[in-house]
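As structure tokens, the structure follows; a few thoughts come after it.
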Amino acid sequence: MKAMVYTTYGPPEVVQLKEVDKPTPKDNEVLVRIDAAVVSRGDCTARKGAPVSIRLATGLLRPKKPILGTNLAGEIEAVGKAVTRFRPGDQVFAATGAGFGAHAEYLCLPEDGALAAMPVNASYAEAAAICEGGLTALPFLRDQGKIQPGHHVLINGASGAVGASAVQLAKSFGAIVTGVCSTANVALVRSLGADTVIDYTKADFTQTGQTYDLIFDTVGNGSFSRSKGVLKPGGIYVTTVLTLAIYPHMLWTAKIGDKRAIIAYSNFRPATEKAKDLLVLKSLVEAGTLKPVIDRCFPMDQTVDAHRRVETGHKTGTVVISVNHTNGHAA
């Protein structure tokens, strides 16, 4: 089978299209014929091997997992003899977490992994995109952010893969949502349901006079120090981005004051929890409450270009690669 393989850390060009062995499912596994997969910031970070601390997980000298990609959608081609929940022909979306492996034509996943039937009204590309944004935004808002109906919530980076999902999910929780984005994406963020949209090129969200119960920083440029002045008493600042400053703030705010700074790692959540959240996301997509936002869809042999696009920092929504070329829609 074909796969995008990298054997050394470096720029996008280290990822190359190669022939590798097609996997065979174990008794408790399913073999997924991947149709679409996401190229994420996490993939780019792993590929670069920078910051160096990331190599504690990915491999000190060279990548331990030579095939990147953690979010995918496709069709089950075969199942192990102990599998009961799925059968060949099922259309699924899934997340591999730290296992990576989605930038390939086939992948084996455990039946009890982060795997679920994909939304009936979504294409493969859309289903894969929902995995990236939804599986991150949902636990951050619900579990770390303790979001409640009526909460004032600010989403920094509201037009990105995670941010676009976060705006829609926050609205589904009954929150009053402010989205922060660039001029080009104001209309998009408003169309996703944001009650207020702040163009960061024209205004600073910390200077508007509005205060928030929850600030969800999906791009990491807000910082707790900058944001704490507009957090309400008991407010929470939560980010997906590791910075040198966030850890001291986490430790300090856990003991002092009533405003919290939190970072969490959605990729390392138990697969059973992710599987449950995939079902939540499936129902929201089928209800029309959650719609994926796709920036671009690249053919698999242009995965290097997909990496470059993600690294511009200016993508809108999710960057997807088309792996096996089919019509891409659920039956």
Worksheet item: Only one of (1) part of a helix (DSSP H, G or I); (2) more than 14 Å from the chain's Cα centre (by Cα); (3) within 17 Å of Gly193 (Cα to Cα) fails for Val153. Which number is that?
Response: (1)
Worksheet, complete the sentence: By residue number, the members of the stretch 62-93 that are closer than 18 Å to Cys297 by Cβ and not in a loop (DSSP other than H, G, I, E, B) are Asn71, Leu72, Ala73, Gly74, Glu75, Gln91, Phe93
Item to complete: Please go through the stretch 183-199 and pick out each residue that is part of a loop (DSSP other than H, G, I, E, B) and without any contact (Cβ under 8 Å) to a residue 40 or more places away in the chain.
Response: Gly193, Ala194, Asp195
Fill in: Filtered residues of the stretch 7-47 (kept if touching a Cys at 6+ places or on another chain (Cβ under 8 Å) and assigned to a loop (DSSP other than H, G, I, E, B))
Pro23, Thr24, Pro25, Lys26
Worksheet item: In this structure, does Asp43 turn out to be modelled with pLDDT of 95 or more and either surrounded by fewer than 17 Cβ atoms within 10 Å (Cβ to Cβ) or not assigned by TED's automatic domain parsing to the domain that holds Phe93 (or both)?
Response: no
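The values are calculated or read from the model by the stated rules, or taken from the named source; none is laboratory data. Owing to the predicted nature of the structure, the values given are computational and were not obtained by experimental measurement. FYI the Cβ positions are ideal-geometry reconstructions off the backbone, even for glycines, and counts take in every protein chain you see.
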